[in-house]
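Trainee: Quick one: structure below, then a few questions.
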Amino acid sequence: MSRASLKRRARFLHAQKQKGRIRIIQNALVPVERKPDGTLYRMTPAQHREAKRIIRKLCSNYCEGNCICLDKGEEVPCPQMLSASVCCRFFRNVLLKDPEAGALEAEILALGTRKRCAVCGKTFCAKGNRAKYCAACKVVAQRKQQAEYAKRRRESIKNNI
C-alpha cells in the first residue's frame, strides 16, 4: 500500500471510531431551530467566518473539510462550512453553546439583549438590564471599582478619627 492510501485508511478508521461516539450525541440533539416564518437563521459574513473558525477548531465531525456524520462511503463536504444559514444540528446545539464560541449564538439567533461593552466596545449578550461590560472586561472593572471603594472607605475612617 502506498503512503497516501495508508493515511486515507487511518483517517477512515479514526472516523469510524468517532462515529460511534457521535451517534450518541446526534440522537440526543433536537432539530435545528427555525424562524417563525419557517426559514433558517442566517449569518452575516463576519459571523460565518467566526463559525468556520469554531468548526475547524472544535467540531469532532469535521475532518479536512468533510463531515464524518454524513459520510456513507464517500466524502461529503461539511454543509455548515458552505452555507451561511444555520443548518447543522451539531453546530447549533453543541458548538454554539461552547464558551469559546462567545456571543456568536446570541448574535445569530438574537437571544436576549445585546449591548456594547463600555470598555472594549465588543457586543455581548446581557443577562440583566444593568450589564455594562463583557465577560473579559467585567473582572477588570470590578477590581477597579472595589479598589476605589476601599480607598474611599479608608479615607473616611481616617477623617472620622
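Trainee: Which one is nearest to Glu100 (Cα to Cα) among residues in segment 141-161 that are exposed (fewer than 11 other Cβ atoms within 10 Å of the Cβ) and of a type in the set (Gly, Ala, Ser)?
Mentor: Here the answer is Ala147.
Trainee: Test each condition in (1) farther than 22 Å from Gln47 by Cβ; (2) surrounded by 15 or more Cβ atoms within 10 Å (Cβ to Cβ); (3) of a type in the set (S, T, N, Q) for Ser85 and report the one that comes out false.
Mentor: Among (1) farther than 22 Å from Gln47 by Cβ; (2) surrounded by 15 or more Cβ atoms within 10 Å (Cβ to Cβ); (3) of a type in the set (S, T, N, Q), the lone unmet condition for Ser85 is (1).
Trainee: When both residues are 6+ apart or on different chains and their Cβ atoms are under 8 Å apart, which pairs have a first residue that lies in segment 41-67 and is of a type in the set (Phe, Trp, Tyr), and a second that is in a helix (DSSP H, G or I)?
Mentor: Tyr41/Ile108; Tyr41/Leu109; Tyr62/Ile55; Tyr62/Arg56; Tyr62/Met81
Trainee: Please specify each residue of segment 94-103 satisfying the condition of being modelled with pLDDT under 80, surrounded by 15 or more Cβ atoms within 10 Å (Cβ to Cβ) and closer than 22 Å to Cys69 by Cβ.
Mentor: Ala101
Trainee: Can we say Gln80 is without any contact (Cβ under 8 Å) to a residue 40 or more places away in the chain and either of a type in the set (S, T, N, Q) or in contact with a helix residue (DSSP H, G or I) (Cβ under 9 Å, 6 or more places away or on another chain) (or both)?
Mentor: yes
Trainee: Are any residues in segment 107-152 basic (Lys, Arg) and in a helix (DSSP H, G or I), and if so, which ones?
Mentor: Answer for segment 107-152, where residues must be basic (Lys, Arg) and in a helix (DSSP H, G or I): Lys138, Arg143, Lys144, Lys151, Arg152.
Trainee: Could you check Gly65 against (1) exposed (fewer than 14 other Cβ atoms within 10 Å of the Cβ); (2) within 20 Å of Glu107 (Cα to Cα); (3) at pLDDT 80 or above and say which number it fails?
Mentor: Of (1) exposed (fewer than 14 other Cβ atoms within 10 Å of the Cβ); (2) within 20 Å of Glu107 (Cα to Cα); (3) at pLDDT 80 or above, only one is false for Gly65: (2).
Trainee: On the given criteria, is Glu107 modelled with pLDDT under 90 and among the acidic types (Asp, Glu)? Walk me through it before giving the result.
Mentor: Details: modelled with pLDDT under 90: yes; among the acidic types (Asp, Glu): yes.
So Glu107 passes the test.
Trainee: I'd like to check something: does segment 121-140 contain any residue that is small (Gly, Ala, Ser), surrounded by 13 or more Cβ atoms within 10 Å (Cβ to Cβ), in contact with a Ser or Thr (Cβ under 7 Å, 6 or more places away or on another chain) and farther than 21 Å from Glu33 by Cα?
Mentor: Looking through segment 121-140, at least one residue is small (Gly, Ala, Ser), surrounded by 13 or more Cβ atoms within 10 Å (Cβ to Cβ), in contact with a Ser or Thr (Cβ under 7 Å, 6 or more places away or on another chain) and farther than 21 Å from Glu33 by Cα.
Trainee: Give me a count of the residues in segment 83-101 that are in a loop (DSSP other than H, G, I, E, B), in contact (Cβ under 8 Å) with a residue 12 or more places away in the chain and not acidic (Asp, Glu).
Mentor: Let us first name the residues in segment 83-101 that are in a loop (DSSP other than H, G, I, E, B), namely 83-84, 86-88, 96-98.
Of the ones still in play, those that are also in contact (Cβ under 8 Å) with a residue 12 or more places away in the chain are 84, 86-88, 96, 98.
Add one more test, that the residue is not acidic (Asp, Glu), and what stays is 84, 86-88, 96.
Total satisfying the criteria: 5.
The values are calculated or read from the model by the stated rules, or taken from the named source; none is laboratory data. Here the structure is a predicted model, which means the values were calculated and not measured. We place every Cβ from the backbone using ideal geometry, glycine too, and count neighbours over all the protein chains shown.
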